[in-house]
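Novice: Structure incoming, see below.
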Amino acid sequence: QVQPVESGGGLVQAGGSLRLSCVASGSAFSVNVMGWFRQAPAKQREFVAHIGSGGGSIYAASVRGRFTISRDNAKNTVYLQMNSLKPEDTAVYYCRQLGPSLGSWGQGTQVTVSS
């Protein structure tokens, strides 16, 4: 399986915004369920959000109302718009195909939120 490629991370002050991008391969991207996850230092990787083929989305409680997941099927890309960032959002962010089959993890993109 080809790894997705995440980008858009960086250093931002608390209250700021970032938009992450994930480019995935495959001609069937439009039917795939895609998800974002994150892993903070010394913590387990956790679910952030996912988006279905029809655009329906689900969010973790910790990011609901601040983060928005979206997709552009013409570009095989899924986005994560992150607003009102908090220091506890600091983590490496990963995307992954969740359906109809489970895809590979990408290398991730680092997000650091300073207080």
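The values are calculated or read from the model by the stated rules, or taken from the named source; none is laboratory data. Keep in mind that this is a model prediction, so the values were computed, not measured. Using ideal geometry, Cβ is built from the backbone for each residue, glycine included, and neighbour counts are taken over all protein chains shown. We work out accessible area using only protein heavy atoms, side chains counted, and drop any ligands, DNA or RNA first. Shrake-Rupley method; radii C 1.70, N 1.55, O 1.52, S 1.80 Å.
Novice: Among the residues of the stretch 46-68 satisfying the criterion of being polar (S, T, N, Q) and part of a strand (DSSP E or B), which is nearest to Tyr94 (Cα to Cα)?
Specialist: Across the stretch 46-68, the extreme among qualifying residues is Thr68.
Novice: A further question follows. Do you know which residues across the stretch 1-36 are over 22 Å from Ser114 (Cβ atoms) and open to solvent by 30 Å² or more (accessible area, probe 1.4 Å)?
Specialist: Gln1, Val2, Gln3, Val5, Val23, Ser25, Gly26, Ser27, Ala28, Ser30, Val31, Val33
Novice: Within the bounds of the stretch 27-45, is there any residue that is in contact with a Ser or Thr (Cβ under 6 Å, 6 or more places away or on another chain) and assigned to a strand (DSSP E or B)?
Specialist: no
Novice: OK, next. Filter the stretch 71-108 for residues that are of a type in the set (A, V, I, L, M, F, W, C) and either exposed (fewer than 14 other Cβ atoms within 10 Å of the Cβ) or assigned to a loop (DSSP other than H, G, I, E, B) (or both) and give the result.
Specialist: If the condition is that a residue be of a type in the set (A, V, I, L, M, F, W, C) and either exposed (fewer than 14 other Cβ atoms within 10 Å of the Cβ) or assigned to a loop (DSSP other than H, G, I, E, B) (or both), then Ala74, Leu85, Leu102, Trp105 are the ones that fit.
Novice: Same structure again: Does Val111 satisfy the criteria of being touching a Lys or Arg at 6+ places or on another chain (Cβ under 6 Å) and either touching a residue at least 60 places away in the same chain (Cβ under 8 Å) or outside any loop (DSSP other than H, G, I, E, B) (or both)?
Specialist: Taking the combined requirement at face value, the residue does not satisfy it.
Novice: Checking Asn73 against (1) over 29 Å from Gly15 (Cβ atoms); (2) out of contact with any helix residue (DSSP H, G or I) (no Cβ under 7 Å at 6 or more places or on another chain); (3) not small (Gly, Ala, Ser): exactly one of these is not met. Which one?
Specialist: Going through (1) over 29 Å from Gly15 (Cβ atoms); (2) out of contact with any helix residue (DSSP H, G or I) (no Cβ under 7 Å at 6 or more places or on another chain); (3) not small (Gly, Ala, Ser) one by one, Asn73 breaks only (2).
Novice: Tally time: how many residues in the stretch 37-68 are farther than 13 Å from Arg96 by Cα, open to solvent by less than 50 Å² (accessible area, probe 1.4 Å) and hydrophobic (A, V, I, L, M, F, W, C)?
Specialist: 4
Novice: Follow-up. Could you grab the pairs with beta carbons closer than 6 Å, sequence gap of 6+ or different chains, first residue in the stretch 6-31 and under 21 Å from Trp105 (Cβ atoms), second one open to solvent by 50 Å² or more (accessible area, probe 1.4 Å) and part of a strand (DSSP E or B)?
Specialist: Gly8/Arg19; Gly9/Gln110; Arg19/Gln81; Ser21/Ser7; Val23/Val5
Novice: A follow-up question, please. Out of (1) modelled with pLDDT under 95; (2) under 17 Å from Leu20 (Cα atoms); (3) out of contact with any helix residue (DSSP H, G or I) (no Cβ under 6 Å at 6 or more places or on another chain), the odd one out for Arg64 is which?
Specialist: (1)
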